[in-house]
Every structure is written in structure tokens, then in C-alpha cells.
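The values are calculated or read from the model by the stated rules, or taken from the named source; none is laboratory data. In this text the structure is predicted, and so the values were computed from the model without any measurement. Virtual Cβ from ideal backbone geometry, glycine too; neighbours counted across all protein chains shown.
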Amino acid sequence: MKSDQQDKIIDLSNASIGYLGKSKAHKIIKSAISVYALKGELVAVIGENGIGKSTLLRTIAGFQPSVEGDFRICGKLISTYREKELALLMSFVSTEIIKVSNLSVFDLVSLGRYPYTNWFGKLLDEDHYLIEEAISAVGLQGYEYRMVNHLSDGERQKVMIARSLAQNTEIIVLDEPTAFLDLSNKYEIVHILHQLASEKEKTILFSTHDLTTAIAESDRLWLMLEDSVEQGAPEDLILNGNFDAIFHSKHLYFDREKGDFRIRKLTKKVAHVHGEGIAMDWTIKALARNGFEVVNLTDPADITIIVNYQEWTVIHLTKQIKFNSLLSLCRYLNSLER
Amino acid sequence: MADNVLSITKQNTRGYRVILVFAFLVPLFFLLDLLVGSYYIPISEILKAIFRSDSANHQVVLIINQFRIPKAVTAILSGAALSVAGLQMQTVFRNPLAGPYILGVSSGASLGVALLVLGTGGLLGGSLISVAGSWGIVAAAWLGSGLILLLIVIISARIKDIMTILILGLLISSAISSVVNILQYFSNESMLKSFVVWTMGSLGSVTNVQLAVLFPSVLTGILMAFLSSKFLDAFLLGENYARSMGMNIVFARMVVFLSTAILAGSITAFCGPIGFIGIAVPHIARMTLRTAKHSLLVPGTILIGALMMLVSDILSQLPGSEATLPVNSVTALLGIPIVIWIIIRNKNTARL
């Protein structure tokens with residue numbers, strides 16, 4: 001087994017991010033960051049808005065200077081790289097939607113070859129090959145001559161990822177690549193990133209707000225919390241309780257079983273539910289939304305519901321009412337409260 | 001892979017074809033421009049004057065060589081220069097309404113001219129202008145725009161954010177314009193008129209001797225634009241992307257700004273400020289060539305700019321009359337409808 005030290009493609013030790021000020025008056029956003037990423041890992045950066053995800057990624061990408069501590073890329077301090085050297089090691093995808101008219105997919109992806117081509121940007125056969133390879137890696141074969149501003153947001157983001165692939169770098173840094181995308185595109189983009197990391201041995205670092213996809217696909221999470229930055233496999237962070245600290249809202253709680261955040265409801269009433277299968281599960285969800293907690297049959301309850309799919313029977317006090325949908329059941333439960 | 005290379009060539013053939021068409025139209029309109037003037041000369045006489053000057057009418061040769069050819073060449077140079085400068089500014093600032101004067105180059109030139117015409121003119125009397133001749137105005141304008149260029153280079157080396165540079169450029173232009181306004185306010189009527197005439201722009205006042213200076217300047221600027229076409233491609237995605245691709249932003253910006261200032265500064269010095277060509281032509285180039293690659297856009301913009309300016313010059317020559325319209329008004333009347341059309345067609349001004 002190789003030592004971790006050698007494989008640490010991105011390595012931050014006791015690092016601070018923020019903005020350099022005059023003399024010592026730096027504005028530090030986050031300090032004491034000690035995290036790393038190994039070769040071939042997909043790493044998701046997670047945290048609340050404003051906690052410094054973008055600043056962290058921008059510092060790693062070399063767009064802004066680090067304030068304190070060591071930021072190492074492939075063992076060397078970022079600040080010691082020249083622009084061109086860094087461009088051969090690391091490519092970047094921003095959250096911004098590029099809107100340039102008359103720019104074809106091929107031409108945009110070919111910009112990834114910038115650090116390799118001559119002064120006039122002439123593309124050689126090898127460049128053509130790598131550009132085509134990058135375009136097919138994101139599944140956009142046949143789109144080469146479409147104009148970028150005629151594509152959907154999801155397709156456009158894939159083109160930007162293809163551009164970074166054409167740059168042929170060991171590391172890819174993406175700042176919220178799925179921010180503007182719908183659910184299926186979110187999954188697709190993150191899945192593409194996962195494949196690139198595992199198949200092409202690239203180290204990919206991306207920030208996201210989408211916990212479900214991040215948990216499902218990433219090898220490692222960098223969890224940016226109020227007081228610290230934690231790292232580990234998503235499952236480790238869920239088990240050790242670090243996830244609970246992401247959001248500082250008393251209305252949110254992390255459901256460790258489901259692996260997602262839920263809105264905390266003030267449960268006012270308790271119910272017994274009889275039934276089985278998926279209809280039973282969804283009935284319990286619907287009850288939870290309306291402020292009913294489902295308890296064991298041995299405990300006392302305000303109300304009893306018998307689930308027999310497509311028919312819900314509510315026993316309340318002495319009344320017994322039947323409903324044929326959860327919608328009408330919920331409307332009835334709400335009317336009880338008033 | 002051979003197939004790919006083939007189809008890529010196919011994609012760009014449209015661009016090359018359009019460039020070829022314009023490369024044919026420019027000499028055609030150059031000849032047309034020689035035809036029109038206050039004095040009618042048949043085309044056979046013109047061709048004779050150009051190619052067999054010893055057998056042609058002496059007076060015709062004089063008119064063609066001393067007036068019409070320098071004017072038509074100036075039209076080509078100014079159209080090409082302003083359009084390329086406009087293209088560079090639109091790309092670097094990622095703003096479709098940017099133009100060659102956005103950095104304040106023309107206001108610097110006008111300050112130079114205003115100081116000469118209105119300032120010293122007021123002290124030494126109107127005779128100075130005729131004595132110093134047009135060279136005086138050229139030198140003053142060049143000095144003014146050179147000063148602004150220096151300021152911009154200093155600013156752009158220190159300031160990272162491109163939008164800040166744009167805003168500073170606009171503020172500097174406004175400040176200089178108000179100084180020019182003050183100078184205008186305190187000058188007498190004849191001074192004022194000669195200054196206002198300069199601001200209207202003119203292609204006809206450039207002599208053959210001056211062309212010998214203007215031509216190499218424009219050529220230098222255009223050569224720099226060709227050399228920076230890879231930088232410009234990278235600027236399309238914004239400076240963060242450009243930097244992440246290994247571009248030295250400060251150096252690239254400097255090359256582009258220097259080229260723009262040389263192009264816009266020289267033309268303004270010799271012809272006065274000429275508007276709208278520099279904003280409209282890059283859009284026409286993008287639309288007709290259907291590409292965003294600057295290796296095609298730069299030559300395309302040069303040709304279309306030259307053509308537009310030749311057309312403007314032909315239109316400014318009122319048929320059957322000795323009078324000519326100020327070229328600045330013609331370019332505005334020609335350019336503004338194009339810009340309006342672009343805005344309405346795109347329905348989205350926030351993109352190039």
C-alpha cells in the first residue's frame with residue numbers, strides 16, 4: 001500500500017481562506033482547514049451559504065491568494081506554481097452560465113487545449129482527438145457544431161466539463177456545477193463526475209448544495225461547519241453526527257436513516273395506523289406533514305387510521321369516516337384542528 | 001479521426017467564404033469611392049490615371065493621386081482600425097456595447113486638440129492653427145490619447161477586476177470631456193468652430209505625407225490584434241477561465257489595450273472621432289461569419305470595417321453637389337440602425 005502522503009493530490013494543512021488586507025488586517029473567512037483529496041477521488045464540498053465554499057475553491061484554483069497555512073497541489077505549494085504550470089495540473093468550471101453567441105460546442109471545448117497549442121492556438125491532430133474524446137466522455141457526440149447558446153443549461157454544463165477534460169489535467173475544480181440544473185441533470189452531471197474520477201483517475205473537487213447526490217456519488221466529503229471543516233466518507237460523517245451541524249436552523253434536522261434533511265414539524269397529536277406496504281409508509285409521511293406522530297399500538301392515541309389501499313378509514317372518537325385519497329384524508333385531519 | 005478533421009474544416013469554410021466575399025467587395029468599393037467626388041471623372045480616366053499616369057490628363061492625375069486615393073485609403077484604414085479596436089474591447093469587457101473609445105482614448109485626443117485649438121489659439125491668435133497646420137492637431141491628439149493609454153496601462157496592471165477598469169475608463173472620459181467643455185466655454189467663435197469641425201471627423205484632410213505615418217501605425221495595431229487572437233478567444237469565457245487555462249491576464253490585457261489605443265488613437269488623431277463603426281462592425285462580422293473564433297473574426301472585422309467606411313465615404317459625397325456631409329454623421333446614421341437591429345434581433349443585450 002502506498003502512503004497517503006504521496007497520493008495527496010490536494011493537501012491543505014492548517015490553512016486559512018479569506019481576503020488579504022493591508023499589512024496584517026486580513027479578512028479571514030475560515031481558518032484551521034486541514035483536509036486533503038487523494039488521486040481518483042470525487043470530493044464534494046458541502047456547507048451553508050456564505051460559509052466559504054466558493055472562496056475555498058477559488059483559493060485552491062489559484063484565483064485568490066491563500067491567507068495562511070499550506071495549500072499544496074501535487075506536493076507543491078500553490079503559490080509557487082506559474083499560471084501555465086497550474087493550467088497543466090488543474091482545470092476549473094465556474095457556476096457562471098457562459099452566454100457567447102456563435103460559439104460552437106467544438107470551439108468552446110477546444111479552448112481547453114489553450115495551454116498546449118501554439119501562439120495562434122492552432123489545433124493539431126492530437127488536439128482534435130482529445131477534444132472529440134472529451135465531448136463523447138460527457139455524452140455530447142453529434143453536438144460538435146451546435147451553438148453553445150442554443151443548448152439547455154444541463155447540456156451547457158456538460159460542455160464546460162468537456163472543456164476542462166480537454167485541458168487534460170489531473171485535477172478538476174467545479175464551483176457548484178449543478179446549481180441551475182433540474183433533478184435529472186443534477187444526477188447526471190454528478191454521475192459523470194463520479195465516472196471521470198473512477199475511470200480516468202482524476203481528482204475532482206466540487207461544491208454543491210445537493211446532499212442526496214453528493215452522498216450517493218462522492219468518495220469523500222469536505223464538510224464546512226461553523227467552527228471546523230470535517231472530512232470523511234459521506235457515511236462516516238453521517239454516522240458520527242457531523243451532518244447534524246451543517247445547518248443552524250431549528251426547523252431542520254438530519255434524518256440519518258434517509259440521509260437527508262427534513263423540516264421539523266411540531267407534532268401535536270398522536271395516531272395509530274393499521275396497514276402494510278408502501279401505502280402505509282406514505283400515509284405515515286402524510287400524517288407527519290399534518291402534525292401527527294404515529295405511535296405504537298400500545299400507547300394511547302387521538303385517532304386511528306386503517307389503511308387498505310385506495311380506502312382510508314379514520315376512527316375518531318365515536319365517528320368512523322372513509323376516504324379514497326390521502327388528499328381528502330389530510331383535509332379532514334386539518335379540519336379537526338380548528 | 002480524419003472524418004472529424006474534415007468536418008471541422010467544413011464548419012469553418014463558411015467563415016472563410018464570407019471573408020473571401022468581403023475581400024472581393026473592398027477593392028470594388030475602393031474603386032467606386034474613387035469615382036465619386038465634387039468633380040465628375042469617368043472610370044476610364046481614373047484607371048488611366050492610376051495605371052498609365054504619363055498618358056493621362058495631368059489635372060485628373062493630380063485629383064486622383066492627391067485627393068481621392070489618400071481619402072479612400074484613409075477610409076479603409078480607419079474602418080479597419082476602429083472595427084478591430086471595437087472587437088477587442090467587446091471581447092475583453094464581454095460587453096456588446098463596448099467600442100474603440102470605451103477606454104477614453106478619444107476623449108484624451110479631444111483634450112489634446114482642444115488645448116491646442118482653444119487654449120493656445122486663444123492666447124496666440126487663430127493664425128497658429130494655420131501655421132502649425134494639421135500636423136499640430138495630429139500631434140496634440142496623439143499626445144492626448146497617448147497620455148490616456150499610459151494611465152490605462154498603469155491602472156490595468158494594478159487593478160484585477162475588469163469591470164473596475166471599465167468604470168474607471170468611463171469616469172476618466174467624462175472628467176476629460178468636462179475639461180474640454182470648460183475650454184469650449186471660454187473660447188471665441190472661430191476657435192470653437194474649428195474644434196467642432198474636428199469633432200465631426202473627416203477622411204479628406206489626411207495628406208499623402210500623413211498617410212506615411214498613419215499607415216504603419218494602423219498596421220502595427222492590426223498586427224498586434226492578429227497576434228492576440230488566442231488571448232481574445234480565452235477572454236470570451238471571462239478572466240477566471242482565461243487564468244485557469246494558463247493565460248497571463250495582465251500581459252494579455254496590456255497587448256490588447258495597447259493595440260486598441262494605437263488603432264483608435266491614430267485614427268482619432270488624423271480623422272477626428274468617428275463613431276459607431278467600431279461598435280456595429282464586430283456584430284456584423286460575428287453574424288455573417290457565424291463564429292466566435294478571433295482567428296476568423298479579426299480578418300473579417302478588418303474587411304467589413306473597411307467596406308463600411310468606404311460606403312460611408314461614398315454616401316457622404318452628396319451626388320451632384322460640391323458639399324460633403326461630415327463623415328461622423330454618416331457613420332452614425334449607418335451604424336445606429338445596425339446596432340438597433342442587433343439589439344432587437346438578439347432580444348438580449350447581455351451577450352456578445
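Of the strands (runs of 3 or more DSSP E) lying entirely inside region A:253-338, those carrying at least 1 residues that are closer than 30 Å to A:L239 by Cβ are A:260-263, A:269-274, A:292-294. Scanning region B:200-240 for residues that are facing another protein chain (nearest Cβ under 8 Å) and at negative phi yields a total of 8.
Condition first: under 12 Å from A:H274 (Cβ atoms), at pLDDT 90 or above and of a type outside the set (V, I, T). Now tell me which residues in region A:294-334 satisfy that. Once the filter is applied, which keeps residues that are under 12 Å from A:H274 (Cβ atoms), at pLDDT 90 or above and of a type outside the set (V, I, T), region A:294-334 yields only A:W312.
A single entry from B:V250, B:V255 fulfils the requirement of being at pLDDT below 90, within 14 Å of another protein chain (Cβ to nearest Cβ) and in a helix (DSSP H, G or I): B:V250.
Among the candidates B:R243, B:R290, the residue that is on the phi > 0 side of the Ramachandran plot and within 14 Å of chain A (Cβ to nearest Cβ) is uniquely B:R290.
Condition first: assigned to a loop (DSSP other than H, G, I, E, B), modelled with pLDDT under 75 and not β-branched (V, I, T). Now tell me which residues in region B:317-352 satisfy that. Give the derivation first.
Our first condition is that a residue be assigned to a loop (DSSP other than H, G, I, E, B); within region B:317-352, this holds for B:318-323, B:325-326, B:347-352.
Add one more test, that the residue is modelled with pLDDT under 75, and what stays is B:318-322, B:347-352.
Within region B:317-352, B:L318, B:P319, B:G320, B:S321, B:E322, B:K347, B:N348, B:A350, B:R351, B:L352 meet the criteria.
In summary, A:Y309 fulfils each of the numbered conditions (1) free of Cβ contacts under 8 Å to residues at least 40 places away in the same chain; (2) in contact with a helix residue (DSSP H, G or I) (Cβ under 8 Å, 6 or more places away or on another chain); (3) surrounded by 14 or more Cβ atoms within 10 Å (Cβ to Cβ) with the single exception of condition (3). Any residue that is over 30 Å from A:S152 (Cβ atoms), β-branched (V, I, T) and either in contact with an Asp or Glu (Cβ under 9 Å, 6 or more places away or on another chain) or in a helix (DSSP H, G or I) (or both) - is there at least one of those in region A:184-201? No; the residues of region A:184-201 include none that is over 30 Å from A:S152 (Cβ atoms), β-branched (V, I, T) and either in contact with an Asp or Glu (Cβ under 9 Å, 6 or more places away or on another chain) or in a helix (DSSP H, G or I) (or both).
Between A:G275, A:G232, which is under 25 Å from A:I189 (Cα atoms), surrounded by 15 or more Cβ atoms within 10 Å (Cβ to Cβ) and touching a strand residue (DSSP E or B) at 6+ places or on another chain (Cβ under 8 Å)?
Numbers: A:G275 fails: under 25 Å from A:I189 (Cα atoms).
Unique residue meeting the criteria: A:G232.
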